[in-house]
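Asks: Please find one structure pasted underneath; my questions will follow.
The values are calculated or read from the model by the stated rules, or taken from the named source; none is laboratory data. The model shown is predicted, which means the values in this text are computed figures rather than measured ones. Cβ sites come from the backbone with ideal geometry, for glycine too, and all protein chains shown count toward neighbours. What goes into the accessible areas is simple: the full protein's heavy atoms, side chains included, and nothing from ligands, DNA or RNA. Shrake-Rupley method; radii C 1.70, N 1.55, O 1.52, S 1.80 Å.
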Amino acid sequence: MLLIDREGSATEAWTRADGAAIGNLSHALVGWDALPEALDQKSSDQKIGVLVPNSLPSEALKPFFDQLALVAIGFPAFADGRGFSLAKVLRREGFRGTLRASGPLIPDQFDYAIACGFDEIELPEASASRQSALQWQQARGRLSRTYQRGYTRDGNILDRRRLARAAANSPAG
Amino acid sequence: MYRYDEFDERFVRDRVAQFSDQVARRLDGSLTEDEFKPLRLKNGVYLQLHAYMLRIAVPYGTLSSKQMRQLALIGERFDRGYGHFTTRQNLQFNWPKLRDVPEILGLLADVEMHCIQTSGNCIRNVTADHFAGVAQDEIEDPRPVCELIRQWSTAHPEFSYLPRKFKIAATGAQHDRAVTKAHDIGLRIVRHPDSGEIGYEISVGGGLGRTPMIGKVVRDFLPKPDLLAYLEAIMRVYNQEGRRDNKYKARVKILVHEIGTEEFRSRVEAEFATLDGPSVNADPEELARIEAYFAPPAYETLPRESAALAAARASNPAFDRWAGTNLTPHRADGYSAVTISLKPIGLAPGDATSEQMRVIADLAERYSFDELRVTHAQNIVLPHVRQDDLHAIWEALVPAGLATANSGLITDIIACPGLDYCALATARSIPIAQAIQQRFEDAERQTEIGELNIKISGCINACGHHHVGHIGILGLEKRGIESYQITLGGDATENAAVGEILGPGLPAEEVPGAIEAIVGVYEAERNDGERFIETVKRVGLSPFKAAFKELSHAAD
Ligand code: HEM
Ligand code: SF4
C-alpha cells in the first residue's frame, strides 16, 4: 500500500477496523455497512473514517458529515470514474474532512482527483510497486493550465481570460 | 476561424509532452497495457488490423489551408500518402508508426491541431453543420459554441472516465445537416417563440451502434449563458448513473431509455438547480471573444446571379452537371458553397491523397477565404466561393480527380473502413461501396434518381451510419461468409429515423442488384419531383419488401 498526497508519499494514520469493532483505535476506518454501529461506540477523542462504494448516493452520507474525519471512496478500477463525481458532490454538499480515493488509480489521474476534491490517494501494492511516489509527483501540473471553472485548481483558463479582459479594460496608469 | 491564444497553445504543447511521457512509462513497465490503452485512445491512437491508426481532430469540421497542407505533409512523411476523412469530420491515418506519433503531434500543434479526445470514454470531438456560417436557413453559426464546448470538455477532471464515449453535435440551422439526433447530446440553436431570444434546444440519448436510438429533447430552451452548467449536470448524472456492468449498455441512450426521458430530465434539472451557475459557466464575454473569430469574411458586393457562371454552364455540359449537383446556395449574393466529392467511382469513400489535399488547400487559399470544411458525409467543402470563380475551380479539380459530380446522389456513399482496416469488422464495406458506384456510374442515371443516401458499416458498431441511410447496408458474418443486411427509410435530418430491415442478408455479389431493385420500385412509384425518402415514407415498405423477396427467390 502507498498513500500519496499533494506533498508526496504520506504516512498512514488510519487502521481498518474489523467490522464495527473500533476498540480504542485513534483513527478507525470502517466499512459503510458498519458505520452506524461504529459511531455509536465512538468515544470523544476517537476519529472515524468510512470507506464507501462509488455508487453511494451523497444523500446517504450527508447526515454523518459532522462525525466523519475521513471519507474514502473506493475505485474498483481506474477507468471507473464515478468516484470523481461523488467526491465533487460531497464537497459541494459541505463535507470538509479528508477525502481519499482508494484503489488502483494511475498518476495521470492525480490532478483530476485533487480538482474534484480529493486530498489523498491510497494505492494497492500491485500499483504502488510499478508507480513510484516520484512518478505521482511528476504527473502533477503536467497540463499546466486547464479550462474548467469550479474545480479545485488554481488559475483555470476561463478565470485567466477574465483577468486579462479586466486588465485590458481598466484605464492605464 | 478560431485561433489559439497563449493558453490554448500551451495546452496542446503540454499534452504532447504528457503523451510522450505516457509512452515512456508504458515502455519502462510503469504502466500496464491496460492502463496505457485509455491514455493512448484519449490521444487518438488505435491499434488496428495491420498497424496503429491515428485519428486527428478537425473540430466542428473547420480547417484552414495551412492546416490541410500540414495534414498532406504528415500523410506523405509518416503514412502512405493519403488520409481518410470520417463521418465525425475527423481525419484518420492508417499506417503511422507508434514511435512517430509524438513527432506527428508536434507538427499538428504547430498548426493549432491535435488528436485530443478523438477516442476513449470521454467527450469526443464536437461536430457541426458543415455549412455553418454559410447556410441560408441558419439562425446563428454553431461553431463558437462548439469551440466553447471543445475547450470545456478538454481534459475535464470529472468527465474523463465516463462509462462510454460521448458525442456532441450542434447545428444552428432549421435543416439538420449534423445528424444531431443520433448523438449523445444534440444541440440546436433556436429562437425563443415569445421573447425572440437565442438559446439552445438540448436533446440527449441519440446514438447508433448496435442499439440505434433517436435523441429525446430534454430542454426546449436553455438560455445561452447557462450552457456549461447544464452540460455539467447532464454529464454528472450520466457519469454516476450510466451502466458500467456491460459496455454494450453503457451509452447514455441506454440510461435514458431505461429510466425514461421524464425521469432523466428531472434528475438533470435537479442537479442543474443545485449548481452555482456563475462558478461554472463561461462569461458571455468569453463566448463573444470566440464569436469574433467566426465573423463572416469580407464578401464582395456582387449581383445575386453570376453571368459568367451561366455562360460557362451553357457551354460545358460536364461543368454544368457538376454545378447542378455540387453547389449549395450561400447567404451572400453571388457566392456558393462548393462540395468537393471524395467519392470518385471505384475508390475508397473519404480517402484523399496528400497531393489532393494540397490542391484543395490551394483552392481554398485562392478562392475561399482560406477556409475548408469536412462534412460528415466524408466530403470537403469550399465554403465561400464567388460564382464567377466556379469554372476555374472546377478546371483545377478535374485533373486532380476531385470533380466527381455526385454530391447527395446514389454514388455519394458513406462507408466505414470495414474489414480492409478495422479490427472490429465482420465484413468489408469499401468494396461494397465501390461495386454499387460502378453499377450506378452513369451520370444521367444518377441525376434521374436524384437525392439518395446509401450508408455502409462493416459491423454492428455502425461507424458508417447505416441506420440513418435512406438505404443502409450492414456487413455481418454468417458461418464465415459475409452477409449484408439492407435497411430502408433511415433519415439523418431533423426528421431523424432509423431504417427498417427489408429481408434476409445477402451475399456481397448480390448487393448492387438489390439496390437496383429498390431504386426500380422508387422509379415506378414516385410522384413528380418526389425524392426517394419521400416516396418511401409515403408508400411504406411493402412494395420494396416484395421486390426484395423476388430477388432473394431468384437467387435461390
Ligand atoms: C477503424 C477503427 C474504428 C474503430 C475501432 C471504431 C470503433 C467503434 C465502435 C466500437 C463503435 C460503437 C460504439 C458504441 O456503440 O457505443 C463505433 C461507433 C461509431 N464510429 Fe467508429 N470505429 C472506427 C472507425 C470509425 C470511422 C472511420 C468512422 C467514420 C467514418 C467512425 C465513426 C463512428 C460513428 C459515427 C459511430 C456511431 C456513433 C454512435 O454510436 O452514436 N468510426 N466505432
Ligand atoms: S462499423 Fe465496425 S467495421 Fe466499420 S469502422 Fe466501425 S467498428 Fe470498424
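Asks: Tell me the accessible surface of B:Ser336 in square angstrom (1.4 angstrom probe, heavy atoms of protein chains only), to the nearest ten.
Replies: Ignoring ligands and nucleic acids, B:Ser336 comes out at about 10 Å².
Asks: If you don't mind, another one. Taking the 0 to 90 degree range and rounding to the nearest ten, how far is the long axis of helix A:157-169 tilted relative to the main principal axis of chain A, both from C-alpha atoms?
Replies: Helix A:157-169 sits at roughly 30 degrees to that axis.
Asks: Sticking with this one: Nearest 100 Å² is fine: how much accessible area is buried between B and A, summed over both sides, with a 1.4 Å probe?
Replies: 3900 Å²
Asks: Please check chain B for the longest run free of chymotrypsin sites (Phe, Trp or Tyr not before Pro) that are loop-located per DSSP (anything but H, G, I, E, B) and have at most 15 other Cβ atoms within 10 Å.
Replies: Between exposed loop sites, the widest span is B:5-298.
Asks: Could you work out the pair-distance distribution P(r) of the range B:399-441 from its alpha-carbon pairs, with 10 angstrom bin width and percents rounded to whole numbers?
Replies: Histogram of Cα-Cα distances, whole percents per bin: 27, 43, 26, 3.
Asks: Rounded to the nearest whole Å³, what is the per residue volume of the convex hull around the Cα atoms of the range B:291-385? Kindly include the intermediate steps, with their values, before the conclusion.
Replies: Working: hull volume 11.6 nm³, N = 95.
Spread over its residues, the Cα hull of the range B:291-385 gives 123 Å³ apiece.
Asks: Over the C-alpha atoms of the range A:2-142, what are the Rg and the largest Cα-to-Cα span, Dmax, in Å?
Replies: 14.7, 45
Asks: Pairing rule first: another cysteine's C-beta must sit under 4.7 Å. Under that rule, which cysteines of chain B stay single?
Replies: B:Cys115, B:Cys122, B:Cys146, B:Cys422, B:Cys459 - these cysteines have no disulfide-compatible partner (Cβ-Cβ under 4.7 Å) in chain B.
Asks: Under the Karplus relation 6.51 cos²θ - 1.76 cosθ + 1.60, θ = phi - 60°, what is the ordered set of whole-Hz ³J(HN,Hα) values for the range B:200-214, x standing for Gly and Pro?
Replies: Taking θ as phi minus 60°, the curve returns 10, 9, 10, 10, 9, x, x, x, 9, x, 6, 10, x, 9, 9 Hz for the range B:200-214.
Asks: Enter the accessible area per residue of the protein assembly as shown (Å², integer; probe 1.4 Å; all protein chains in place).
Replies: On the way: 27820 Å² over 729 residues.
Spelled out: the 1.4 Å probe surface of the protein assembly as shown, per residue, equals 38 Å².
Asks: Would you be so kind as to list the residues of the range B:256-277 that have their accessible area lowered by at least 30 Å² in the full protein complex compared with their chain by itself (1.4 Å probe)?
Replies: Flagged in the range B:256-277: B:Thr274.
Asks: Using only the Cα atoms, work out Rg/Rh for the protein assembly as shown, with Rh taken as the Kirkwood radius, to two decimals.
Replies: 1.00
Asks: Are there DSSP H segments in chain B that both extend 18 Å or more along their axis (alpha-carbon positions) and score a mean Kyte-Doolittle hydropathy of at least 0.5? List them, or say none. All intermediate terms of the calculation are to be shown ahead of the outcome.
Replies: Details: long enough: B:6-27 (32 Å, -0.88); B:65-78 (19 Å, -0.43); B:227-241 (21 Å, 0.30); B:261-274 (20 Å, -0.84); B:354-367 (19 Å, -0.51); B:511-525 (21 Å, 0.85); B:542-555 (20 Å, -0.08).
Going by DSSP H runs, the hits are B:511-525.
Asks: Among the residues of the range A:62-78, which ones have their accessible area go down by 20 Å² or more when all the protein chains sit together, as opposed to their chain alone (1.4 Å probe)?
Replies: So the qualifying set is A:Phe78.
Asks: Structure shown: which of B:Lys216/B:Lys549; B:Lys247/B:Lys455; B:Lys455/B:Lys549; B:Lys249/B:Lys478; B:Lys253/B:Lys455 lie over 32 Å apart, alpha-carbon to alpha-carbon?
Replies: Correct reply: B:Lys216/B:Lys549.
Asks: Here is a follow-up. Counting other Cβ atoms within 10 Å, keep those with at most 16, restrict to DSSP loop, and tell me which GluC sites (Glu not before Pro) in the range A:34-98 are left. If you can, show how the numbers build up before the last one.
Replies: On the way: sites: A:Glu37, A:Glu59, A:Glu93; in loops: A:Glu93.
Within the range A:34-98, the qualifying GluC sites (Glu not before Pro) (loop, at most 16 other Cβ atoms within 10 Å) are A:Glu93.
Asks: Against the longest alpha carbon principal axis of chain A, how many degrees, from 0 to 90 and to the nearest 10, is the axis of helix A:82-92 turned?
Replies: Computed tilt is about 80 degrees.
Asks: For every helix of n ≥ 4 consecutive DSSP H residues, a contribution of -39,500 (n - 2.57) applies; sum these over the protein assembly as shown, divide by its total residues, and give [θ] at 222 nm rounded to the nearest 500 deg cm²/dmol.
Replies: -10500 deg cm²/dmol
Asks: List the residues, sorted by chain then number, that are 5 or more residues from B:Ile340 or on another chain and whose placed amide H is less than 5 Å from its amide H.
Replies: Under 5 Å from the amide H of B:Ile340: B:Ile380, B:Val381, B:Leu382.
Asks: Which far-off residues, 5 or more places away or on another chain, put their amide H under 5 Å from the one on B:Ala173, with H placed in the peptide plane?
Replies: Result for B:Ala173 returns B:Ile139, B:Ile189.
Asks: Shifting gears a bit: If I take all pairs of Cα atoms in chain B, what percentage of them are more than 35 Å from each other?
Replies: Details: 54478 of 154290 pairs.
Summing the P(r) tail past 35 Å for chain B gives 35 percent.
Asks: For chain A, modelled as a Gaussian network with Cα springs under 10 Å, which listed residue fluctuates most, A:Ala115, A:Ala72, A:Ala34?
Replies: A:Ala34
Asks: Hey, got a sec? Which trypsin sites (Lys or Arg not before Pro) in the range B:1-78 land in a DSSP loop and have at most 10 other Cβ atoms within 10 Å?
Replies: B:Arg3
Asks: Under the definition of Cα pairs under 8 Å and six or more residues apart, what whole-number percent is the relative contact order of the range B:414-555?
Replies: 18 percent
Asks: Among bridges DSSP assigns within the protein assembly as shown, what percent are antiparallel (round to 5)?
Replies: Restricted to the protein assembly as shown, the bridges split so that about 65 percent are antiparallel.
Asks: Do you know the relative contact order of chain B, to the nearest whole percent, from alpha carbon pairs under 8 angstrom that are 6+ apart?
Replies: Here the relative contact order equals 12 percent.
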